[in-house]
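Okay, so here's the structure we're looking at.
The values are calculated or read from the model by the stated rules, or taken from the named source; none is laboratory data. Since this is a predicted model, take the numbers as computed values, not measurements. No Cβ is skipped: glycine too gets one built from the backbone with ideal geometry, and neighbour counts run over all protein chains shown. Heads up: the accessible areas ignore ligands, DNA and RNA and are worked out on the full protein's heavy atoms, side chains in. Shrake-Rupley method; radii C 1.70, N 1.55, O 1.52, S 1.80 Å.
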Amino acid sequence: MAHDPQVYDDLAEAAWRWVRLQVLRDDRGPWLPPHVDVDTGAQPVVQADDDERVGAYDGLGGLAHVLAELRLGRGWSDEEAVLAAEVGDAVRAHLPAARDVSVFGGTASDLDVLLALDPGDRDAARAAVDRLLATWTEDGWPAPWASDPERFRPGAVVVDASLGSACGVLAGLWAVRHGVPEGREVVERGQASVLRFTTGTDEPPGGVEWPFVPDAFRVDPTPFAMPNWSHGQAGVVGVLALAGQALGRDDVLDLAGRGAERLVALADTSDDGFVVPRVVPWAPRHGDPVTWNWCHGAPGTSRAFVALARAGVEEVAGCPTLEWHDRALRSTLASGIPQRLHPGFWDNDGRCCGTAGTADILLDAWRRTGRQEWLDFVVVLADALVEHAVRDGDDAYWRFVEHRAEPPLLPPGVGWMQGAAGIAALLLRVARVRRDGREAPAVARLDSWWCVE
């Protein structure tokens, strides 16, 4: 049963208050622990890695996205304005030394965070573009995390939309949309790096696909793919569609369409649905063959078809492009979430891998179309977040479950993608929508603007 909007607002504020209490400071400035040991009270370990410390995933930078949500509602308190300034200062200091392109903790993350704090900050966008151009190579942007010589060869790059060249394309597009035309060169270079690693496939005939890490940089070339949005085919398809439209490249749009046909070939399309496996080839160690989240599930992958349709691709595999989007969301509604049906199934309430991220995608779809069943399901998901919240006096947080761990109940996460900050932002949006309907404004971000605008 849907709650009054004030219930979502109050819980969001309680969670946001708890998040702010976790902001710590040392001689390097403010920082955010990724989680808090509420059982023992042990002190959090300082994030030594600068990318993690200021990154949007679970570092300080992610707080900017909550602040962007608050700006659409009640605005910022004096304390929040100070926090916003601290976040901005930390990220600006990081940007000239950003080591990779990642939207989680690299240059794209810095760009997204700074524009979340101030959408008119063209200086920040130019600085990010300069860094992206300075660090690009023909193969793409460096992936410093891929340095294990037992797994990767020297100079390893990534192709995907979260950590790799496709993410660089998104960053360039985001800069252009914020008044920095030099971002177009980033788009062109990033697109060239993605296309460099295009491979053909016989499923379907003429289909194409893109690796996460190209075979040339993998010590073990055994086929392995995570084909959904975050690290695979769907993300690259969506990004190439946006880039092809922006650059007027019909050949790139054609590739994006052929890549989407590969997704259809991989998918279970029974019962008028659309679900792509989490991992190809699947093995029992990977857990459930499919999931329903932003990163590796049908909701995230549905956004590729929004991008294709926006770019003018009318049909994929003999079906109207947006019908695949709708089928992915229909499968999500029938999946059983947010119930935890068995150990390992839907044990996460966060943005990256759980309820909050899926709800946000459904809100975007409802905002574009007005389809009531999608908003109704958002309310079901939001009510699950209310039910799962752990109250601590006036504050609140969430604890996810890892059924293979002992104990399985994890410490509460703090940040944007795996913690209370990201969930609070979703609840703020749900409350706004419940009050104002489709007229309620929405925050556009680097990795979702084409679904919102």
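Just wondering, is there one or more residues in region 85-92 that are assigned to a helix (DSSP H, G or I), under 30 Å from Asp436 (Cβ atoms) and within 23 Å of the chain's Cα centre (by Cα)?
yes
In the set Val386, Val313, which member is in contact (Cβ under 8 Å) with a residue 40 or more places away in the chain and either part of a helix (DSSP H, G or I) or open to solvent by 40 Å² or more (accessible area, probe 1.4 Å) (or both)?
Result of the check over Val386, Val313: Val386.
Restricting to region 25-43, name every residue that is on the phi < 0 side of the Ramachandran plot and open to solvent by less than 60 Å² (accessible area, probe 1.4 Å).
Asp26, Pro30, Trp31, Leu32, Pro33, Pro34, Val36, Asp37, Val38, Ala42, listed by residue number.
What are the residues in region 141-169 that are out of contact with any Cys (no Cβ under 9 Å at 6 or more places or on another chain) and closer than 15 Å to Ala98 by Cβ, if any?
Hits for region 141-169 are Pro142, Ala143, Pro144, Trp145, Leu163, Gly164, Cys167, Gly168.
Please return the ranges of helices (runs of 4 or more DSSP H) entirely within region 107-224 where 2 or more residues are more than 26 Å from Gly62 (Cβ to Cβ), without any contact (Cβ under 8 Å) to a residue 60 or more places away in the chain and open to solvent by 70 Å² or more (accessible area, probe 1.4 Å).
183-196
Filter region 41-57 down to the residues that are part of a loop (DSSP other than H, G, I, E, B) and either in contact with a Leu (Cβ under 6 Å, 6 or more places away or on another chain) or modelled with pLDDT of 95 or more (or both) and list them by number.
Gly55, Ala56, Tyr57
I'm trying to understand the selection: among the residues of region 392-435, which are under 16 Å from the mean Cα position of the chain (by Cα) and open to solvent by 10 Å² or more (accessible area, probe 1.4 Å)?
Trp416, Met417, Gln418
Looking at Trp229, is it at negative phi, aromatic (Phe, Trp, Tyr) and part of a loop (DSSP other than H, G, I, E, B)?
So Trp229 passes the test.
Within the set of pairs 6+ apart or on separate chains, which have a first residue in region 22-42 that is over 21 Å from Pro411 (Cα atoms) and without any contact (Cβ under 8 Å) to a residue 60 or more places away in the chain, a second that is of a type in the set (Asp, Glu) and not in a loop (DSSP other than H, G, I, E, B), and C-beta atoms under 7 Å apart?
none
Go over the candidates Leu308, Leu375, Leu329 one by one and state the one that is farther than 17 Å from Leu266 by Cβ and either open to solvent by less than 10 Å² (accessible area, probe 1.4 Å) or part of a loop (DSSP other than H, G, I, E, B) (or both).
Leu329
Within region 101-130, can you find the residues that are of a type outside the set (S, T, N, Q) and closer than 18 Å to Glu52 by Cβ?
Within region 101-130, Val101, Val103, Phe104, Gly105, Gly106, Ala108, Asp110, Leu111, Asp112, Val113, Leu114 meet the criteria.
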